[in-house]
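Notes follow the structure.
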Amino acid sequence: MGQSMRAIHDNLQAVRGRIAHAATAAGRDPLNVTLLAVSKTHSTALVEQALAAGQRAFGENYVQEAVEKMDALAGASIEWHLVGPLQSNKTRLVAARFDWVHTIESGKIARRLSEQRPAGMAPLYVLIQVNVSGEASKSGVAPEHVAGLANAIAALPNLKLRGLMAIPEPGAARARFRDVKILFEKLKVEFNLDTVSMGMSDDLEDAIAEGSTMVRVGTAIFGARNKIRSAA
Ligand SMILES: *Cc1c(COP(=O)(O)O)cnc(C)c1O
């Protein structure tokens, strides 16, 4: 069911409150944690309501669905983030339409995005997705391969590596968040990184306590997800 206008506004306020509380409890400045509203499966109308409530950064998982919302909201001041897996047949559209990609897992995809980023656009901001869950996850780059991929991305003219992203398996999250932050600290200076994308509706407090600078929140803002219309 759709959420009322007031509900989206109130949910956003509540999530902002949780972020502020978690940051303060960790001795951190809440301004150093960006809220990314993950709007996958939710309507353009709900994105507009979040926009009206002051939200600017939105995350989507499915490229086609995202582009439909971008077209419907053309002219709105929105920063679009791809947080879902990216296949090579979608890189051209992603390079042309998104501001950020959180799910870089290979040099091949990174090269395509750089080659396909249209001239005149700002660099595409990218994060390397790290697999800190081992066998429990098929997504992301093994920690020992992250520096090599970071080097490859650093050589690409139209990408700017901003940091790391992770989706730890539920339950063990806090220790895995710490693993991501430790890896980030090792690479931060060399690659001039500033972003650690981790934490979702259920675990954003733990992620912030461990150093997240960007939480990706869907359900706590928009309610339960609708059925997925398309696989990509
Ligand atoms: C859907 C999704 C989220 C949001 O998850 P919630 O639990 O609804 O907050 C965050 N990150 C990624 C990568 C997602 O796919």
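So the values come out like this:
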{"item": "Cα point-scatterer Debye curve for segment 108-232, base-10 log of I(q)/I(0) at q = 0.23 Å⁻¹", "result": "-1.30"}
{"item": "The chain: relative contact order as a whole-number percent, Cα under 8 Å and 6+ apart", "result": "22 percent"}
{"item": "Relative contact order (percent, whole number), segment 71-172, Cα cutoff 8 Å, 6+ residue spacing", "result": "26 percent"}
{"item": "Dipole of the chain, positive end: most advanced residue of VAL33, ALA110, PRO168 [Cβ charges, Cα centre]", "result": "ALA110"}
{"item": "Between segment 122-190 and segment 70-104, the Cα center-to-center distance that results, in Å", "result": "19 Å"}
{"item": "Against the rule of thumb 2.2 N^0.38 Å, how large the Cα Rg of segment 96-170 comes out", "result": "1.11"}
{"item": "Cross-link pairs LYS69/LYS90; LYS69/LYS108; LYS40/LYS90; LYS108/LYS181 - those with Cα-Cα distance over 19 Å", "result": "LYS69/LYS108; LYS108/LYS181"}
{"item": "Solvent-accessible area, 1.4 Å probe, carbon plus sulfur percent, for the chain", "result": "52 percent"}
{"item": "Evaluated at q = 0.12, 0.14 Å⁻¹: base-10 log I(q)/I(0), Debye formula over Cα of the chain", "result": "-0.63, -0.88"}
{"item": "ARG6 - accessible surface, heavy atoms, 1.4 Å probe, Å² rounded to 10", "result": "140 Å²"}
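The values are calculated or read from the model by the stated rules, or taken from the named source; none is laboratory data. Small disclaimer: the values here were computed from a predicted structure and weren't measured. We place every Cβ from the backbone using ideal geometry, glycine too, and count neighbours over all the protein chains shown. Only protein heavy atoms, including side chains, enter the accessible area calculation; ligands, DNA and RNA are left aside. Shrake-Rupley method; radii C 1.70, N 1.55, O 1.52, S 1.80 Å.
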